[in-house]
Amino acid sequence: MTTRTVRRTAPRVAKEARHHAREAAVQMLYQWEVGRASVHEVRQTFWLHEDPVLDALPEEHRRFAEALAGGVVDEVGRIDPVIAEAAENWRLERMNVMDRLILRLAVYEFLHEAGTPAKVVINEALELARTFSNDDAVRFVNGVLDAIRKRLERE
């Protein structure tokens with residue numbers, strides 16, 4: 001392995017770990033919303049489930065997932081109106097649960113993770129929609145997030 005190969009794989013590993021952390025955050029949010037567990041309960045129990053990908057997640061990425069999930073819960077009152085305004089003709093409570101959670105996570109990142117480019121936030125949300133929902137959801141999430149990005153003037 002050359003030095004050039006090491007440099008190329010290191011950012012990819014970090015990128016994949018952050019993606020897996022976002023997957024974990026969406027799963028935590030699902031437990032919070034559907035399971036009606038408190039975020040505190042979710043944090044205590046989430047990592048106990050055996051999952052080879054999540055078990056391999058470094059501690060810093062576990063903390064990132066927990067911070068995302070906790071941040072969404074703390075800010076849901078601010079996030080939901082942003083989504084509702086951009087999702088014309090769609091009430092939040094009528095959206096697919098996973099689509100709503102993915103949108104909430106992305107909007108939280110738009111508002112609180114200024115170091116993450118909007119393009120990355122949207123691409124990550126689309127990957128989450130592909131994983132946890134369907135092709136219609138990917139188009140829906142993309143449209144809503146693009147409208148929000150423009151409204152927030154995020155690049």
**Request:** Tell me which residues, restricted to the stretch 71-92, are closer than 21 Å to Arg130 by Cα and of a type outside the set (A, V, I, L, M).
**Result:** Trp90
**Prompt:** Which one is surrounded by the fewest Cβ atoms within 10 Å (Cβ to Cβ) among residues in the stretch 131-145 that are under 19 Å from Tyr30 (Cα atoms) and small (Gly, Ala, Ser)?
**Reply:** Ser133
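Can you find, within the stretch 48-71, the residue that is modelled with the lowest pLDDT among those that are of a type in the set (A, V, I, L, M, F, W, C) and surrounded by fewer than 17 Cβ atoms within 10 Å (Cβ to Cβ)?
Let us first name the residues in the stretch 48-71 that are of a type in the set (A, V, I, L, M, F, W, C), namely 48, 53-54, 56-57, 64-65, 67-69.
This time we only want the ones that are surrounded by fewer than 17 Cβ atoms within 10 Å (Cβ to Cβ), so: 48, 53, 56, 67.
On the way: Leu48: 87, Val53: 81, Ala56: 86, Ala67: 96.
Top of the filtered list is Val53.
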**Message:** Could you list, ordered by first residue, the pairs with Cβ atoms under 6 Å in which the first is in the stretch 114-136 and touching a residue at least 60 places away in the same chain (Cβ under 8 Å) and the second is surrounded by 13 or more Cβ atoms within 10 Å (Cβ to Cβ), at least 6 apart or interchain?
**Reply:** Glu124/Arg22; Leu128/Val26; Leu128/Ile102; Phe132/Met98
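Which residues, taken from the stretch 91-120, are in a helix (DSSP H, G or I), farther than 17 Å from Gly70 by Cα and not acidic (Asp, Glu)? Explain how you work it out, then say what you get.
Taking the stretch 91-120 as the starting set, the residues that turn out to be in a helix (DSSP H, G or I) are 92-94, 97-112, 118-120.
Next, only the ones that are farther than 17 Å from Gly70 by Cα stay: 92-94, 97, 99, 118-120.
Correct list: Leu92, Arg94, Val97, Ala118, Lys119, Val120.
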**Request:** Restrict the check to the stretch 96-109 and report whether at least one residue is modelled with pLDDT of 90 or more and more than 17 Å from Arg22 (Cα to Cα).
**Result:** yes
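The values are calculated or read from the model by the stated rules, or taken from the named source; none is laboratory data. The model shown is predicted, which means the values in this text are computed figures rather than measured ones. Note that we place each Cβ from the backbone using ideal geometry, even for glycine, and neighbour counts take in every protein chain shown.
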